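Read through the structure below, which is laid out as structure tokens, and then see the notes.
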Amino acid sequence: MAKKTAVSEPKDRPYKTTGVHIPADLWELLNRVAFYRAKDEGGRASVSAILVQMIEKNRKALELELGQRMR
């Protein structure tokens, strides 16, 4: 059986695989949210999809911070 991609995962963007060092309690929270999203919306549980969504939601603030620090 082929692996299903997350519902929110676009097919046309290049991806990089990386390791992220986060506290266990935050990983547990993200993992549980991913599980219940998959249960309710279909697809597979994806902590990565949640992180992408959170970063995209805060992209402007992150880009602003980057611009300020690059001066």
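So the values come out like this:
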| item | result |
| --- | --- |
| Pick from segment 20-37, criterion in a loop (DSSP other than H, G, I, E, B), modelled with pLDDT of 95 or more and open to solvent by less than 100 Å² (accessible area, probe 1.4 Å), ranking: nearest to LYS57 (Cα to Cα) | ILE22 |
| Those residues of segment 38-61 which are within 20 Å of ARG13 (Cβ to Cβ), part of a helix (DSSP H, G or I) and open to solvent by less than 90 Å² (accessible area, probe 1.4 Å), in sequence order | VAL47, SER48, ALA49, ILE50, LEU51, VAL52, GLU56 |
| Hits in segment 39-71 (condition: touching a residue at least 12 places away in the same chain (Cβ under 8 Å) and within 15 Å of the chain's Cα centre (by Cα)) | GLY43, ARG44, ALA45, SER46, VAL47, SER48, ALA49, ILE50, LEU51, VAL52, GLN53 |
| Scan of segment 1-19 for residues that are at pLDDT 90 or above and open to solvent by less than 100 Å² (accessible area, probe 1.4 Å), ordered by number | GLY19 |
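The values are calculated or read from the model by the stated rules, or taken from the named source; none is laboratory data. Treat the numbers as computed from the prediction; the structure is a model and nothing was measured. Cβ: placed from backbone, ideal geometry, glycine included. Neighbour counts: every protein chain shown. Keep in mind that these areas ignore ligands, DNA and RNA; they rest on the heavy atoms of the full protein, side chains included. Shrake-Rupley method; radii C 1.70, N 1.55, O 1.52, S 1.80 Å.
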